[in-house]
Structure formats: structure tokens, C-alpha cells
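Take a look at the structure set out below.
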Amino acid sequence: MEHSIPRHIRLTSHPGDAGRSALPLRWGAPVAAERGPVVASPADPQRRNAIGSYSGAYAIYRALAVATQALARDHRPDLTDTAPAARIAPHPQWTEPKKIVSIDPWGHLVGEVFAEHIRAGIDVRPTIAITTARLATPELRPLLAEGKLRADGQVLLDSGEIRVTKAAIDPVFGSDICTCRPYLVHGIAVCVETAQRGGVGIIVYNRKEGRALGEVTKFLVYNARKRQPGGDTVDSYFRRTECVAGVQDMRFQELMPDVFHWLGIRRIDHWVSMSNVKRDALEAQGIEVVEQLAIPDRLVPLDAAVEIEAKKAAGYFSPSGIPDPGELHRTRGRALGE
């Protein structure tokens, strides 16, 4: 299929002619038809009513695909058979203007609730996708063998796979210098046990690598910590981050509860996180956290002990309290070449 060669690709999400015929939005309207569709299409700039681009950061790859003629710049998605595999029904929080601000709660239902707009030629696209899958987590197989988890054929299968519903989940990577993967595995185990007791287990992953400083900054800090005089120590954990990034943490947790409001959650019985800031953001928006759970010490990788102890000393959630200063002094990470 031949495509015209564009002279240039706009990377800005709101070029000069955007929004001249923007569709009206009534954020917090009781039904989708009154709220109106969110239009963020670069192929329909005059009708745009949102800042941003479909696919978020991945929009750069769309631009490259258009520039190399792999993709037609005016391509519209065919949404046939793409409806959510599981129903996330409208919840009262969807119509409260101050509850959800960073996502479109109707984003997975645009093919249904904005079908007339799409037929009229308006480029409305899904911003949330929901599917079902089986989650294979090798770390759970020993728990099955030891009897700490039991297969029930519904939630947890004999193979160690878990039946899950996924909503726009990004890949998560891990190493022995951080606690991302072991904390995830621990959370998955708690979710399985909760689901088997008749509850619901939910894993929410926010793409904020390295406390929203980015993976490049994260690795630069790793190198700096391990090369500094005295080695990788607890007392320098956050200081080295500030030296490279200028700040310890760039996350804005006030937006984090949006996905919980989208799911209609008002209470969390077991909150698997050591972040008090995240917990406080949930509670400030009316979501009750009954019990907060820290990662068990046995699951902390050896080289990640510096991170955990530094966070405890900084006031992160710790059932055992703030570590003893002497203990902190003895905790050190590997050298860069080890």
C-alpha cells in the first residue's frame, strides 16, 4: 500500500490549529453521551479537546512509522471485536469531577458509547483495553510445591498459572539491586490468596520507573552509589539520587488513585506497599486502607537491602520501625565490578 511522503511529522500534541472545532466535554456528566468523547487524534486536530496523544509516550513510534511510510498518517483503527473481555461497569466515581482526572473512565467503551461519533468520522479511539489471560509466575511454583499456595482450578491452576483480567498492564522488569519484582511476586501471592477466599486481588502498575526519574537516571544513580568512596551505603542512597536528578522522588501520587476510582474501589483490606505517600493519597480521596503489608525480609534481594533500609530510615512503612543506626551502617551493597 503506497502512502504519501510527509514533509514533516508533528510531535507536539497541540499544534497551532488544534481545537478550533473542539467537541465539548462535560467532565463528570452522569452518562457518556452527555460527557462527550475525548479526542486526542493527530489525524483530527481541529476536533481535539485534550492535550496529549493516543498511546502516550508510544506516539513517537507512530510518528516514526508515518515518517518511514510504514503507516498511513490518516489511518483509523477498525474496532471490530475489540470490546473489553471483562465488563468494568460505570461506577459513581466516574461522574464525580474531582475523582478521576488523568484517565478517561469511558476509555475502554468508546466503541460502544461513542459509536455515533465514530460513524460520523470523528477519530475517537480507546485509551483503555481489557483482556483475560493466564499469568505465569515461576516464583509461585515453589509455593505450590511447599503447600503455601493451593491450586483450585479457578484462580490458581495446577501449572502455577493464574487466571487474570488485564487492563493496559505494562511489562515489569527486575534485578537483584531493586525490589520491583519480588514486591510484585509477593503482591501476586497475596492477590491469589485473597481471590481464593472470595475477594478480589488487583495489581496496579504505574509506569514511573526510578521514582519517575526515568531508567537512564536510575542506572546513573546505581553507578554513582557503587563507585563512591565508602561504597554503596544506606546514608547515601537518597543523596546520590539528588546529586544526579536534583530530587529524591518526582512522582505525583495524587493522580495514582484514579485507577482505583475507575474500578469502583472504596476499601482495600490488604495494601501491599511500603509507600506511605501512596497510602496517604488513597485515604485523602476516601479510599480506606485496612491493613498495609511490607515485603517480607526473606524476599528482599541481597543487593537491594540498601534500598529497603534507606526507605525505612526515611519513614517508609516498616512494621518493625526505624532501623537501628548501627544496623544501617553495616548494610552495604556490592561494588560495581562484583
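The values are calculated or read from the model by the stated rules, or taken from the named source; none is laboratory data. As the structure is a computational prediction, the values presented were derived from the model and not from experiment. Glycine gets a Cβ as well: all are built from the backbone with ideal geometry, and neighbour counts include every protein chain shown. Accessible surface is based on the protein model in full, side chains and every heavy atom, while ligands, DNA and RNA are left aside. Shrake-Rupley method; radii C 1.70, N 1.55, O 1.52, S 1.80 Å.
Less than 5 angstrom separates the built amide H of Gly201 from those of Ala195, all sequence-distant by 5 or more or on a different chain. Going by the alpha-carbon gyration tensor, a ≥ b ≥ c the square roots of its eigenvalues, is the range 89-223 rounded (a/c under 1.5) or, if a/c is not under 1.5, prolate (a/b greater than b/c) versus oblate? Cα axes put the range 89-223 in the oblate bin.
Charged neighbours of Arg279, selected by a Cβ distance under 11 Å, balance to -3 (K, R count +1; D, E count -1). The count of lysine pairs in the chain with alpha-carbon distances below 20 Å, taking only pairs 8 or more places apart or on different chains, stands at 12.
For the chain, a crude dipole built from +1 on the beta carbon of Lys and Arg and -1 on the beta carbon of Asp and Glu, taken about the Cα centre, is about 560 debye to the nearest 20. Just the protein heavy atoms count here, and of the accessible area of the range 141-273 at 1.4 Å, carbon and sulfur take up 53 percent.
Think of it as helices only: each DSSP H run of n ≥ 4 in the chain is worth -39500 (n - 2.57), and spread over all residues that comes to -7500 deg cm²/dmol at 222 nm. For the chain, the longest principal axis of the alpha carbon atoms and the long axis of helix 215-227 meet at an angle near 20°.
Taking trypsin sites (Lys or Arg not before Pro) across the range 195-248, the ones in a DSSP loop with at most 15 further Cβ atoms lying within 10 angstrom of their Cβ are Arg197, Arg207, Lys208.
Applying a DSSP loop filter and a limit of 14 other Cβ atoms within 10 Å to the chymotrypsin sites (Phe, Trp or Tyr not before Pro) in the range 251-319 leaves Phe252. Per residue, the chain exposes 57 Å² of accessible surface when a 1.4 Å probe is rolled over the protein heavy atoms with every protein chain present.
Charge tally for Ala224 (other residues, Cβ to Cβ under 13 Å; Lys, Arg +1; Asp, Glu -1): +4. About its Cα centre, the dipole of the range 11-124 is roughly 260 debye, where the only charges are +1 on Lys and Arg Cβ and -1 on Asp and Glu Cβ. For volume of the Cα convex hull per residue in Å³, the candidate list reads [x] 213; [y] 141; [z] 188; the entry that matches the value derived from this model is [z].
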